[in-house]
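Just so it is clear, none of the values below were taken in a lab; they were calculated from the coordinates. Note that the structure is a prediction, hence the values are computed from the model and not measured. No Cβ is skipped: glycine too gets one built from the backbone with ideal geometry, and neighbour counts run over all protein chains shown.
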Amino acid sequence: MPLFGPNRDRLDLDQAQALNHQIRLRIVEMHECNPGRLLSVKSLTADLRSTPGYEHVQARDVNYHRARLIDADLLPVE
């Protein structure tokens with residue numbers, strides 16, 4: 001489901017609530033920019049830590065937010 005562009009208003013309530021956190025939004029943005037990227041907690045944590053403003057993100061937080069995005073069908077299950 002596109003989060004940007006003409007169909008961005010087609011999110012359901014669960015998806016909209018899932019995106020109500022800055023880490024989740026950034027994870028989805030990274031996935032949309034590179035759909036073939038690894039979505040493991042380890043990979044996402046490393047990528048986030050190299051992003052300005054996310055240098056101190058912890059793997060346990062990424063795990064939690066990744067799970068919420070998967071539950072809302074905003075990320076594929078690996």
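How much length, in nm to one decimal, is gained on full extension between ASP71 and GLU29, taken as 0.36 nm per residue of separation minus their Cα-Cα distance?
Details: separation 42, 0.36 × 42 = 15.12 nm, distance 1.69 nm.
Separation in residues times 0.36 nm, less the Cα-Cα distance, equals 13.4 nm.
Does segment 31-78 come out rounded, prolate or oblate, given a ≥ b ≥ c as the square roots of the eigenvalues of its C-alpha gyration tensor, rounded meaning a/c under 1.5 and, failing that, prolate meaning a/b above b/c?
Numbers: a/c = 1.98, a/b = 1.35, b/c = 1.47.
Since a/c reaches 1.5 but b/c is at least a/b, the shape of segment 31-78 is classed as oblate.
Label points 7 Å out from Cα along the Cβ direction at LEU38 and THR51: separation in nm?
For the pair LEU38/THR51, the computed spacing is 1.7 nm.
Set the Förster distance to 25 Å, then compute FRET efficiency between ALA16 and ASP61 from the Cβ-Cβ distance, nearest 0.05. Provide the component values of the computation, followed by the final result.
Details: r = 21 Å, r/R0 = 0.83.
Here the calculated transfer efficiency is 0.75.
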